[in-house]
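**Q** First, the structure itself, so that you have it in front of you.
No lab work stands behind these numbers, since they all come straight from the coordinates. These numbers come from a predicted model, not from an experiment. Glycine gets a Cβ as well: all are built from the backbone with ideal geometry, and neighbour counts include every protein chain shown.
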Amino acid sequence: MFPSSIFESDLYDFSEAPQRAPIGIFDSGVGGLTVLRQLYRLLPNESIIYFGDTARLPYGIRSQAEILQYVREILIWMQQQHVKMVIMACNTSSALALEAVREEFSLPILGIILPGARAAVNSGKRIGVIATPATAKSNAYRHAIVEINPDVQVWQVSCPEFVPLIEQSRIHDPYTLQVARSYLEPLLQQEIDALVYGCTHYPHLAPVLRSLLPSYVKLVDPAEYVVAACAQDLDILGLRNTHPPMPTRFAVSGCPQQFAQSSVQWLGYHPTVEAVQLINTPVSSH
Ligand code: DGL
């Protein structure tokens with residue numbers, strides 16, 4: 001029998017109807033909701049399992065070995081839920097772990113940086129990237145952008161305070177505006193013509209950032225482009241769902257009530273959120 005809700009889906013292996021299996025998406029917290037929003041818009045028939053690793057956020061100040069371990073644990077859990085594809089709705093994970101886990105898992109896994117870099121080169125020649133400390137340090141955006149177009153100039157700024165402020169729902173706090181002004185300052189000095197949200201949390205700051213940027217600076221949201229890439233891959237693999245979707249399932253490693261409360265403003269509805277205990281994998285030597 002086909003599961004009537006996504007909560008039953010982990011008891012069902014979808015081998016008879018692989019298109020109806022959910023897509024798994026994950027982030028450290030509410031950042032991935034900016035990707036979920038695009039999934040709802042562009043792929044309304046897909047069932048989705050959202051995982052937020054809220055017990056261990058922020059990811060952006062973690063080492064590569066830690067990120068790799070967390071991502072492995074999440075992917076093992078996603079596999080147990082029989083997802084048909086995983087979107088890393090997290091730039092930090094995409095920058096530090098995508099390559100390694102693609103070798104280890106047989107699931108299709110999409111990262112957000114390459115689609116974001118492709119969108120960036122179509123948006124300007126002087127590109128600013130705001131990102132977590134780990135993503136900025138990895139240079140993942142610079143490498144991806146310059147590989148597509150070596151004539152484009154890239155400036156990256158690490159923004160350690162943004163994720164905690166967003167997770168605390170302090171978007172409209174005057175302090176957030178002050179912090180944003182100081183992060184954007186060096187990019188404005190370089191007269192950037194496009195700004196990439198190099199962290200999925202940052203589109204939540206759109207009104208604040210827009211108020212500080214000249215109107216000619218284009219804001220590039222990689223979320224939109226990773227979902228377009230996902231649609232393309234689903235078609236190539238014959239995995240696009242044409243049936244009505246199951247309700248989105250939300251799971252977190254931290255406090256479910258806290259996640260429900262902070263995500264309602266982005267979702268427009270109060271989600272049911274379950275707590276999940278991930279199975280610890282050994283720390284790698286990377
Ligand atoms: N939203 C994630 C990203 O895109 C992770 C942010 C964090 O936890 O530091 O990088």
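**Q** Give, in nm to one decimal, the length gained when the segment between TYR216 and GLU104 is fully stretched (0.36 nm per residue of separation minus the Cα-Cα distance).
**A** Details: separation 112, 0.36 × 112 = 40.32 nm, distance 4.29 nm.
Roughly 36.0 nm would be gained on extension.
**Q** Same structure again: ASP233 to GLN261: extension gain in nm, 0.36 nm per residue of separation minus the Cα-Cα distance? Present the calculation step by step, with values, prior to reporting the outcome.
**A** Numbers: separation 28, 0.36 × 28 = 10.08 nm, distance 3.32 nm.
Stretched fully, the ASP233-GLN261 segment lengthens by 6.8 nm.
**Q** Work from the charge dipole of the stretch 80-151 (Cβ charges, +1 for Lys and Arg, -1 for Asp and Glu, about the Cα centre) and give the residue of MET88, ILE127, VAL101 farthest towards its positive end.
**A** With unit charges placed on the Cβ atoms, the residue in question is ILE127.
**Q** In terms of the Cα gyration tensor, with a ≥ b ≥ c the square roots of its eigenvalues, is the stretch 28-129 rounded because a/c is under 1.5, prolate because a/b exceeds b/c, or oblate? Kindly include the intermediate steps, with their values, before the conclusion.
**A** Details: a/c = 1.57, a/b = 1.18, b/c = 1.33.
Judged from the Cα gyration tensor, the stretch 28-129 comes out oblate (a/c at least 1.5, b/c at or above a/b).
**Q** Test of understanding: in a Gaussian network model of the chain with alpha carbons linked when under 10 Å, which of THR272, THR54, THR248 would top the mean-square fluctuation ranking?
**A** THR272
**Q** Once Rh is set to the Kirkwood radius over Cα pairs, what Stokes-Einstein translational diffusion coefficient, in µm²/s, holds for the chain at a temperature of 4 °C and a viscosity of 1.567 mPa s? Spell out each step's value before the answer.
**A** Working: Rh = 19.1 Å.
In µm²/s, the coefficient is 68.
**Q** Scattering from the C-alpha atoms of the stretch 163-246 alone, worked out with Debye: what is log10 I(q)/I(0) at q = 0.11 1/Å?
**A** With no solvent term, the Cα-only Debye profile gives -0.44.
**Q** Moving to a separate point now. Where in the chain are the DSSP H helices whose alpha-carbon span along the long axis reaches 18 Å or more and whose Kyte-Doolittle mean is at least -0.5? Walk me through the intermediate numbers first.
**A** Values: long enough: 64-80 (24 Å, 0.08); 174-189 (22 Å, -0.07); 222-237 (22 Å, 0.83).
The answer, listed by residue number, is 64-80, 174-189, 222-237.
**Q** Which shape class, rounded, prolate or oblate, goes with the stretch 83-193 when its Cα gyration tensor gives a ≥ b ≥ c as root eigenvalues, a/c under 1.5 marks rounded, and past that a/b bigger than b/c marks prolate?
**A** Details: a/c = 2.44, a/b = 1.28, b/c = 1.91.
Here the stretch 83-193 falls in the oblate category.
**Q** Take the alpha carbon atoms of the stretch 69-99, find their center, do the same for the stretch 117-154, and report the distance between the two centers in whole angstrom.
**A** Centre-to-centre distance over Cα atoms comes out at 23 Å.
**Q** What FRET efficiency, computed as 1/(1 + (r/R0)^6) with R0 = 30 Å and r the Cβ-Cβ distance, is obtained for GLN80 and SER169, rounded to the nearest 0.05? Could you put the intermediate results ahead of the total?
**A** Details: r = 32 Å, r/R0 = 1.05.
Computed FRET efficiency for GLN80 and SER169: 0.45.
**Q** Given springs between every Cα pair under 10 Å in a Gaussian network model of the chain, which of GLY52, GLY254, GLY29 has the largest fluctuation?
**A** Result: GLY254 has the largest fluctuation of those listed.
**Q** Let me ask something else about it. List the lysines whose alpha-carbon lies under 16 Å from that of LYS125, not counting same-chain residues fewer than 8 positions away?
**A** Leaving aside lysines fewer than 8 places away in the same chain, those within reach of LYS125 are LYS218.
**Q** Which value at 222 nm does the chain reach when only helices count, each DSSP H run of 4 or more adding -39,500 (n - 2.57), with the total divided by all residues and rounded to the nearest 500 deg cm²/dmol?
**A** Values: 12 runs with 121 residues, N = 286.
Helices in the chain give a 222 nm mean residue ellipticity of -12500 deg cm²/dmol.
**Q** Oh, and also: Have a look at PHE105, PHE162, PHE51 and tell me which one the Gaussian network model of the chain (Cα, springs below 10 Å) gives the largest fluctuation.
**A** Highest fluctuation among the options: PHE105.
**Q** What is the gain in length, in nm to one decimal, between LEU188 and ASN280 on full extension, counting 0.36 nm per residue of separation less the C-alpha to C-alpha distance? Could the numbers behind the result be given before it?
**A** Values: separation 92, 0.36 × 92 = 33.12 nm, distance 4.32 nm.
Taking LEU188 through ASN280 to full extension adds about 28.8 nm, to one decimal.
**Q** Within 10 Å of each candidate Cβ there may be at most 16 other Cβ atoms; applying that plus a DSSP loop requirement, which chymotrypsin sites (Phe, Trp or Tyr not before Pro) in the stretch 240-284 survive? Intermediate results must be reported in sequence, preceding the final value.
**A** Working: sites: PHE250, PHE259, TRP266, TYR269; in loops: TYR269.
Counting only loop positions with at most 16 other Cβ atoms within 10 Å, the chymotrypsin sites (Phe, Trp or Tyr not before Pro) in the stretch 240-284 are TYR269.
**Q** Sort the stretch 121-172 into rounded, prolate or oblate with this rule: let a ≥ b ≥ c be the square roots of the eigenvalues of the Cα gyration tensor; rounded if a/c is under 1.5, and if a/c is not under 1.5, prolate when a/b is larger than b/c, oblate otherwise.
**A** Taking the square roots of the gyration eigenvalues as a ≥ b ≥ c, the stretch 121-172 is prolate.
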